[in-house]
Amino acid sequence: MKKPRHPMRMDREIKSALTLKPPRITFYGFVTGLPVYLVSGLAIRSGDGLDFEDLDFTAGGNEGAYPNYVPPGEIWVDDALRVFDRISTIFHEIVERNLMVNRGMDYDDAHDIALEREKVFRRELKKRRPTTTDLKLVTEALRPFASEARPTGKPPGMPSRTIGPL
């Protein structure tokens, strides 16, 4: 009988087997089932090593806002941001994505709602002063909006007008 492998060794093997496709730099983990990646904002804005470029990419993105290049279900956050802004942006992108993809809301409306909720989230986050990108803080803050994560069957809303024609 084969000896079982230690879980830590398995984690290292899995990580080494997974190579992140640019512009992804780091896989942070999952929030409400969505994979969250730190990405090279510079590469996205310059098109360096990519088959697309988007000068308007700032802070983060999701499939609803940027369907031309953010894969379905992924949340991207710019590596130029510091911890506080990264956490806030992850929250914002998930709220915005859920409203667009699951509720059929257009980008402008979803973005405005996400901004308002992000303001409240930032005030609460300031009290905690996080020093690492703790995804549990985002998961916790999204609980009141859990119903928005469930698909309704409505078609996705219109994406950001900055992405050009689909």
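Pairs of lysines in the chain whose Cα atoms sit within less than 26 Å of one another amount to 8, provided the residues are eight or more positions apart or on different chains. The stretch between K154 and S46 holds 35.5 nm of extra length on full extension. This uses 0.36 nm per residue minus the Cα-Cα distance. Helix 7-17 and the longest principal axis of the Cα set of the chain meet at an angle near 60°. Free of any trypsin sites (Lys or Arg not before Pro) that DSSP assigns to a loop and that have at most 13 other C-beta atoms within 10 Å, the longest stretch within the chain is 83-166.
Placing +1 on the Cβ of every Lys and Arg and -1 on the Cβ of every Asp and Glu, with nothing else charged, gives the chain a dipole about its Cα centre of roughly 1160 debye. At full extension, F30 and N68 could sit 11.5 nm farther apart than now, given 0.36 nm per residue minus the alpha carbon distance. The angle between the Cα long axis of helix 83-97 and the longest principal axis of the Cα atoms of the chain comes to about 60 degrees, rounded to the nearest 10. Computing Rg and Dmax of the Cα atoms in Å for the structure here picks out one of (1) 17.2, 63; (2) 17.2, 56; (3) 16.9, 59, namely (3).
Take every DSSP beta bridge whose two residues both sit in the chain; close to 70 percent of them are antiparallel. By other beta-carbon atoms within 10 Å, ranking H111, H92 with the fewest at the front produces H111, H92.
Laboratory data are not the source of any read-out in this text; all were calculated from the coordinates shown. In this text the structure is predicted, and so the values were computed from the model without any measurement. Please note: Cβ atoms are built from the backbone with ideal geometry, for glycine as well, and neighbour counts cover all protein chains shown.
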